[in-house]
Each structure stands twice: as structure tokens, then as C-alpha cells.
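Here is the structure we will look at, set down as C-alpha cells.
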Amino acid sequence: MQKARACRLGTPCAPRTFKQLLACRTLHHPTLDAERIAELAELRRDRLYAFSNDNDPSQIPLPALLKICAAIDGWELLDFALEFYGRRTVAVARTGAKDLLAESMDVSVAHGHLIEAIRDTSRDGRIEDRGKARHPHPTKGPPS
């Protein structure tokens, strides 16, 4: 079992719980003090301390956590919370997505084409060359 070490500036922290990690990232930030982080997250400083205290049962609201992550550029806080569910955040810049809105619209358009192809096929039970040209297979590219 991992033994907790004292969490001090200049020494690496070994947080075992989310609250310990939150305390480490907010109380020991190299450039921002806890009061400024609380201000950026639109929290009272005493609430920030409560959210990062293992003896306090209160839990941090998701919007406040996201604001803290953005303020300190510490998304590992969110990843730590998501790890239990087998999830991790990924920056949009790393996904290869051009624009999240454009990508989601492409999915909607492709879904519409699929429904249209199913409707056309269900009329007579077969797809003709004209139907194939109108509804190309999404992984095969445009018809030649």
C-alpha cells in the first residue's frame, strides 16, 4: 500500500485521493495562490479548501472543477476523476478534428444519407446503379 507523503512546496506530492490531488494542485500552484484560483473558478476560498479537505464530505461541482482545471491548466484533475470510469480527456487539437461543429454536422449528414439509402432500398429490395451513385459507401469514397 502506498504511504502518503507530506505535501509541501518543492517536493513531489503523492496524492491517493481526488481531494488530495485538488489540494496539491491548488494550494501549491507555482504562480497562482489559492485565493486567485478560487476567484477564477468563481468560488469562495473557504469552499475551495472544503472541496480539497479529505475530512469534509462536500464534493466539488463539475462546473467549478472545469473552471479550476482551465485556470491552472491542470486537466489531470479531471482525468483523475474520470479514471475510475476508464475514461481520459484529450485535447481537441490532438484528435485531428478540424472543427468540432463541422465534424458533428458531417455525422448528421452521413446519418441522413444512410436513412435515405435504407428508404430507397426498402421500396423494391435492391439498390440499382443510380442508387449506388446517390448513396456511395462511406468508406469507399466517391464513385468513379
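The values are calculated or read from the model by the stated rules, or taken from the named source; none is laboratory data. Predicted model only: the values in this text are computed from it and were never measured. Every residue, glycine among them, receives a Cβ derived from its backbone with ideal geometry; neighbour counts consider all protein chains shown.
Some observations on this one:
For (1) assigned to a helix (DSSP H, G or I); (2) surrounded by 12 or more Cβ atoms within 10 Å (Cβ to Cβ), each residue gets a yes or a no:
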{"position": "R25", "(1), (2)": "yes, yes"}
{"position": "E39", "(1), (2)": "yes, yes"}
{"position": "D56", "(1), (2)": "no, yes"}
{"position": "R87", "(1), (2)": "no, no"}
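- Residue match in the range 62-79 (condition: part of a helix (DSSP H, G or I), of a type in the set (D, E) and closer than 16 Å to P15 by Cβ): yes
- Residue within the range 94-117 that is at pLDDT below 65, hydroxyl-bearing (S, T, Y), surrounded by fewer than 12 Cβ atoms within 10 Å (Cβ to Cβ) and assigned to a loop (DSSP other than H, G, I, E, B) present: no
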